[in-house]
Amino acid sequence: SRAGVSSRNEATGAVAAHLYETPGTYFVSLSITDGTNTASNSCTQIVVQDPDVVFAGTNTICVAATSLPVAGADGCPAGAAQAVSSDFSTAVNTYQTAHKRILFKRGDTFSISGQAAAIITDGPGIVGAFGSGALPLIQRTTNNDILEISNATTPTIKDWRVMDLELDGMSSTPSLAISALGGMDQITLLRLNIHNVGWGISFSSSSLDWWNTNGHPGHTLWDQLTVADSTLHHMDDGSPNSGYGIFAAGQHMALLGNSVDDVTAGTHIVRLTTTMTGVVSNNSLSRQGSNYTLLRIAGPGWCNNANPALPIYGGPDCNYTNDSRPVGVEGANSGYTENVVISDNRFLTTGWVSLEIGPENGNTDERVRNVVAERNFFDTGATSGYHVDVNARDITIRNNMFRISDFTVGSKGIGVGLRTPGSIEPPPLRVEIYNNSFYSTGELVGVSVDVNSTDTVVMDNVAYAPNGNALHALLSDAGSANLTASNNSSDAQVSGTSPLFADATGTMSLPSDFQPTGGSYAIGSGAVVPVWSDFFLVPQTSTRDMGAVIH
């Protein structure tokens, strides 16, 4: 699902995340460069324990649907306990304790016929699979969620992994595949195949707020939440303006290598309501609901004396009245979603916006700052919205590609401005847009900057729309303050002069198609900006090109 040729064992940016699966000792290397000088360090050591040792003997339970497993055979570890149960929730709820690994037999089918399975015990623990063949199939046969995480009375549990399962909602609505109902830290969801549900994965902070204010205090925002290498397909809960692929809040969060597709009857593919440090990388996101977003990142809700925060966001002591909160204030009471890297993803939009950074609407003050979006491939059909919509501060959009089969009237590649005219959030400030490439077979406005934005930078971007007699512009600016714009395609070049992209047929379906070839006006025409490599991580030189790929 990677957009280019990046490796998930290597990342760039101020925030990175990686999931280790093979036992051993690993050394993490860090290199910092300013384009000329580089400093490196490889002193961080990570030790990955062997689950066969951590969960040795009867701390592992092999569960089959029809016949008793044999320890030491067919993938069931030697010395493991064995059980027969065709009910997934009964098995999870019966056998979970600390230091337990519950493994379900691959190829078997299990049901959710009573209450949902619920992880309410402190870890470490694993719910996973044993054997070979197809993933264990968990089918929802009654009006219950499939798996619940924590509850009102377990706010401090931690350290569980749920992996290698197929969760089928059987197209029953409403339903949730995985729903977090209470506080819990260190949660890994790995290689899950989730489909035909109302909501795929839900970590909604409203449940924590409810318990904290209704007799069950102590719930804090989830920390160290990872969803990796999972597939979520067809989310529809039967209600208009509802249903999500992933809906999540968390302190430190990572979405890595997932494919999330088809919420066309619902809303957003992925909606992150709060994160203090996050990575969204190497995912494929496609087919959101009409007038909704593939990836939407918002803040927790600004708080002051007139609007005190709920306990998980700092409680009534969160009394800032303006945007003066220092960057060094970090954590759940900072008031921001911040420190997020969005990289190497593929976006296929059929709705309104591919990536939205900012509040849900003009009536909510949900602040976002310090986000980098880079090396993403936006592959779109006709749309009437923005492909990247920025209503935030200190945002960098660099080295992205936009392939638009038909930009309709009013569409923009990247838009910078308030969520709506008269929105209550602070206006955008210090948004920097570097080295992006745009291509459209219809209309094209690469970057649109509203008058309310300040200190916007637009440099080294290249755009081309080969079909004439339509609105074409690299930059549309309504008179914003302190705009810096240079070394971009001119409007005449956008509509009439080819940058000689590598794709000779004009389909532009691959990232490599955006490479400028010999004689292109984009070669050597860029300014030196704080971008140290291109879309394919090829290092920049002192001679810069326009666009996301250097020649």
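The values are calculated or read from the model by the stated rules, or taken from the named source; none is laboratory data. Note that the coordinates shown come from a computational prediction; the quantities given were computed from them, not determined experimentally. Positions of Cβ are backbone-derived with ideal geometry, glycine not excepted, and every protein chain shown enters the neighbour counts. Surface areas here come from the heavy atoms of the whole protein model, side chains and all, with no ligands, DNA or RNA. Shrake-Rupley method; radii C 1.70, N 1.55, O 1.52, S 1.80 Å.
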Legend entry - Where a residue in segment 175-194 is more than 17 Å from VAL260 (Cβ to Cβ) and its partner, wherever it lies, is among the aromatic types (Phe, Trp, Tyr) and part of a strand (DSSP E or B), with Cβ under 7 Å and at least six apart: ALA180/PHE203; ILE187/TRP160
Inset, instruction - Can you tell me which residue among ALA134, ALA129 is part of a strand (DSSP E or B) and within 24 Å of HIS233 (Cα to Cα)? - result: ALA129
Legend entry - Residue tally, condition under 10 Å from ARG140 (Cα atoms) and either in a strand (DSSP E or B) or free of Cβ contacts under 8 Å to residues at least 24 places away in the same chain (or both), over segment 105-121: 3
Inset, instruction - Assess whether ILE126 counts as being under 28 Å from the mean Cα position of the chain (by Cα) and at pLDDT 95 or above. - result: yes
Inset, instruction - Give just the number: which of (1) open to solvent by less than 10 Å² (accessible area, probe 1.4 Å); (2) in contact with a helix residue (DSSP H, G or I) (Cβ under 9 Å, 6 or more places away or on another chain) does VAL92 not satisfy? - result: (2)
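Quick grid of which residues meet (1) open to solvent by 20 Å² or more (accessible area, probe 1.4 Å); (2) at pLDDT below 95; (3) of a type outside the set (Ser, Thr, Tyr):
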site: SER205; (1), (2), (3): no, yes, no
site: TRP222; (1), (2), (3): no, yes, yes
site: LEU232; (1), (2), (3): no, no, yes
site: GLY243; (1), (2), (3): no, yes, yes
site: ASN291; (1), (2), (3): yes, yes, yes
Inset, instruction - Check off (1) assigned to a loop (DSSP other than H, G, I, E, B); (2) closer than 17 Å to ARG161 by Cβ; (3) without any contact (Cβ under 8 Å) to a residue 24 or more places away in the chain for THR97 and give me the number that stays unchecked. - result: (3)
Legend entry - segment 341-377, residues that are closer than 21 Å to PRO530 by Cβ and of a type in the set (D, E, K, R): ASP344, ARG369, GLU374, ARG375
Inset, instruction - Residues being open to solvent by 10 Å² or more (accessible area, probe 1.4 Å) and touching a Phe, Trp or Tyr at 6+ places or on another chain (Cβ under 8 Å): count how many of those fall in segment 254-276. - result: 3
Legend entry - Extreme residue, farthest from GLY289 (Cα to Cα), among residues of segment 219-247 that are assigned to a loop (DSSP other than H, G, I, E, B) and under 17 Å from the mean Cα position of the chain (by Cα): TRP222
Inset, instruction - Identify, by number, the condition in (1) at pLDDT 85 or above; (2) in contact with a Lys or Arg (Cβ under 9 Å, 6 or more places away or on another chain); (3) not in a strand (DSSP E or B) that LEU348 doesn't meet. - result: (3)
Inset, instruction - Check whether at least one residue in segment 524-544 is open to solvent by 30 Å² or more (accessible area, probe 1.4 Å), more than 29 Å from ALA11 (Cα to Cα), assigned to a loop (DSSP other than H, G, I, E, B) and not aliphatic (A, V, I, L, M), and report yes or no. - result: no
Inset, instruction - State all residues of segment 15-51 that are at pLDDT 85 or above and of a type in the set (Gly, Ala, Ser); if no residue qualifies, say none. - result: ALA16, ALA17, GLY24, SER29, SER31, ALA39, SER40
Inset, instruction - Return the residue satisfying two criteria in turn: it lies in segment 512-523 and is closer than 17 Å to GLN493 by Cα and surrounded by 14 or more Cβ atoms within 10 Å (Cβ to Cβ), and of such residues it is nearest to the chain's Cα centre (by Cα). - result: PHE514
Inset, instruction - Assess whether VAL28 counts as being assigned to a strand (DSSP E or B), touching a Pro at 6+ places or on another chain (Cβ under 8 Å) and among the hydrophobic types (A, V, I, L, M, F, W, C). - result: no
Inset, instruction - Scan the strands (runs of 3 or more DSSP E) fully inside segment 418-501 and keep the ones with 2 or more residues being modelled with pLDDT of 90 or more and either open to solvent by 40 Å² or more (accessible area, probe 1.4 Å) or of a type in the set (S, T, N, Q) (or both). - result: 429-434, 472-477, 484-486
Legend entry - In segment 22-41, residue farthest from ALA11 (Cα to Cα) [restricted to those that are of a type in the set (A, V, I, L, M) and open to solvent by 80 Å² or more (accessible area, probe 1.4 Å)]: ILE32
Inset, instruction - Kindly provide the set of residues from segment 248-265 that are free of Cβ contacts under 8 Å to residues at least 60 places away in the same chain and either touching a strand residue (DSSP E or B) at 6+ places or on another chain (Cβ under 6 Å) or in a strand (DSSP E or B) (or both), ordered by number. - result: ALA248, ALA249, GLY250, HIS252, MET253, LEU255, ASP261, ASP262, VAL263
